[in-house]
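Engineer: The structure is given below, and queries will be raised subsequently.
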Amino acid sequence: MGGKFAVAQWHSFLGDVDANLDRAAILIAAAADQGADVVVVPELFSTGYSFSLNVEEMAQPVPGPTSDCIAGLASKHNVYIFGTILERDGDQVHNCGLFCSPDEGFVAKYRKVHLFGDEKNSCAPGNEVVVVETRVGKLGLSICYDLCFPEFIRGTVLAGAEVVLNSTNWLTVGPPQDWDEWQWDWRKTRALAVARALENTVGLVMCCQGAGLCENIYSFGHSCVVSPSGRVLAELGEAEGVTTTEIPMGQQVESWRQIATYLPDRRVELYGRLLGYK
């Protein structure tokens, strides 16, 4: 198994689902032209990301109109697609990742487990790890802030994931210069992607909202694709764009794991005590 993975980055138009689906169609087509098997698009790609967004008004059932549209693009371009939207389920709203297959349409959803900041006031958290079997291998699904929790990504890998997909909107609140004291920027988020890939010896595909200001939220882009050794194979800057690359899998990864024995060297009997799990 193995294949080519793409990130399709743009800054979503706030509240304009039709415009965002049009943009998704253009960039997914470009990724397919580059030979992609799997395309990851940004977090809340269909609505944009804002703490003031009326999530109840913008949320849709899943499956529903947006998942149907993305499933159609997956079929048309013969690619797998992953990205997140606002899902309405009864009286709850979830930040929900859609996974669509070229052959089966909408096949899986992953509800964001770790909610950031004001998301806790508008969304309910998910409670499940999701790993999807595809023709290119087993793909683990994650969303943005999940990357800050190594236990969760490790658990996704232990559940079988060979590549972790992350649909995200890394951001600052207020002018970027206000964050200089903390040096919070794309270098830190890329480092998260590199660390999660390296420590788990798996590929990682992180697609971000492109750079732009939405009310007081500034997104800063820098999507990337990382190898199981932590090597950045492809990356974008701040602007809208698509990049595609192959991630080493199969025997190549097994050879690397003979050197990087991070998974078998774990001391799980110790960690349980240290972390208060037992």
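Readers should treat all values here as calculations from the given coordinates under stated rules, not as data from a laboratory. Fair warning: this is a prediction, and the values are worked out from it, not measured in the lab. Note that each Cβ is placed from the backbone with ideal geometry, even for glycine, and that neighbours are counted across all protein chains shown.
Engineer: Which length gain, in nm to one decimal place, applies between Cys148 and Glu57 when the Cα-Cα distance is subtracted from 0.36 nm times their residue separation?
Structural biologist: Answer, rounded to one decimal: 29.8 nm.
Engineer: Calculate how large, on average over all directions, the projected area of the Cα convex hull of region 62-127 is; give the answer in nm² to one decimal.
Structural biologist: Over every viewing direction, the Cα hull of region 62-127 projects on average to 4.5 nm².
Engineer: Considering every pair of different Cα atoms, what Kirkwood radius, in Å, is found for the chain?
Structural biologist: 18.7
Engineer: How high is the relative contact order of the chain, given as a whole-number percent (alpha carbon pairs under 8 Å, six or more residues apart)?
Structural biologist: That works out to 20 percent.
Engineer: To two decimal places, what compactness ratio does region 218-278 give when its Cα radius of gyration is scaled by 2.2 N^0.38 Å?
Structural biologist: Ratio of Cα Rg to 2.2 N^0.38 Å: 1.66.
Engineer: Hey, rough spin-label estimate for Tyr277 and Ser255, points 7 angstrom out along Cα→Cβ, what's it come to in nanometres?
Structural biologist: 3.3
Engineer: Which of the GluC sites (Glu not before Pro) found in region 122-181 are loop residues per DSSP with 16 or fewer other Cβ atoms within 10 Å of their Cβ?
Structural biologist: The qualifying sites are Glu128, Glu181.
Engineer: Let me ask something additional. In whole percent, what relative contact order does region 109-163 give with Cα contacts below 8 Å and a gap of six or more residues?
Structural biologist: Value for region 109-163: 34 percent.
Engineer: Loop only by DSSP, 14 or fewer other Cβ within 10 Å of the Cβ. Give me the GluC sites (Glu not before Pro) in region 1-109 that pass, ordered by residue number.
Structural biologist: Sites meeting the loop and neighbour criteria: Glu104.
Engineer: Still on this structure: Using R₀ = 45 Å, calculate the FRET efficiency as 1/(1 + (r/R₀)^6) where r is the Cβ-Cβ separation of Glu269 and Lys120; round to 0.05.
Structural biologist: 0.85
Engineer: Let me check against my output: what whole-number percent is the relative contact order of region 1-60, with C-alpha pairs under 8 Å and at least 6 apart?
Structural biologist: It rounds to 48 percent for region 1-60.
Engineer: Measure up Lys112/Lys188; Lys76/Lys188; Lys120/Lys188; Lys4/Lys120; Lys4/Lys76 against 26 Å on the Cα-Cα distance and list the ones that go over.
Structural biologist: Those over the limit are Lys76/Lys188; Lys4/Lys120.
Engineer: Given region 152-214 reduced to its alpha-carbon atoms as identical point scatterers, what log10 I(q)/I(0) does the Debye formula return at q = 0.16, 0.27 Å⁻¹?
Structural biologist: Summing over Cα pairs of region 152-214 leads to -0.61, -1.14.
Engineer: With the crude spin-label approximation of a point 7 Å out along Cα→Cβ, what separation in nm comes out for Asn216 versus Arg187?
Structural biologist: About 2.7 nm, to one decimal.
Engineer: Still on this structure, please answer the following. Please list the equivalent ellipsoid semi-axes of region 10-49, computed as the square roots of five times the alpha-carbon gyration tensor eigenvalues, in descending order and whole angstrom.
Structural biologist: 20, 10, 6
Engineer: If you plug each phi of region 206-219 into the Karplus form 6.51 cos²θ - 1.76 cosθ + 1.60 with θ = phi - 60°, what whole-Hz ³J(HN,Hα) values come out, in order, with x for Gly and Pro?
Structural biologist: Karplus-based 3J(HN,Hα) across region 206-219 equals 10, 10, 10, 4, x, 4, x, 9, 10, 6, 9, 9, 10, 8 Hz.
Engineer: In addition: Excluding the sites themselves, what is the longest stretch of the chain that contains no chymotrypsin sites (Phe, Trp or Tyr not before Pro) in a DSSP loop with at most 16 other C-beta atoms within 10 Å?
Structural biologist: It runs 185-261.
Engineer: What is the sum of charges, Lys and Arg at +1 and Asp and Glu at -1, for the other residues whose Cβ falls under 14 Å from the Cβ of Ala195?
Structural biologist: Result for the neighbourhood of Ala195: +3.
Engineer: Please provide three numbers in whole Å: the alpha-carbon extents of region 76-224 along the principal axes, with the largest listed first.
Structural biologist: 46, 39, 32
Engineer: Can you give me the distance in nm between label points at Glu199 and Asp180, each placed 7 Å from the Cα along the Cα-to-Cβ direction?
Structural biologist: 3.1
Engineer: Rounded to the nearest 500, what is the 222 nm mean residue ellipticity of the chain from helices alone, with -39500 (n - 2.57) per DSSP H run of 4+ residues and division by all residues?
Structural biologist: -8000 deg cm²/dmol
Engineer: Another question about this same structure. Tell me, rounded to the nearest percent, the portion of alpha carbon pairs in region 1-109 spaced more than 20 Å apart.
Structural biologist: 33
Engineer: Looking only at region 4-248, where both bridge partners belong to it, what percent of the DSSP beta bridges are antiparallel (to the nearest 5)?
Structural biologist: Counting only bridges with both partners in region 4-248, antiparallel ones make up about 65 percent.
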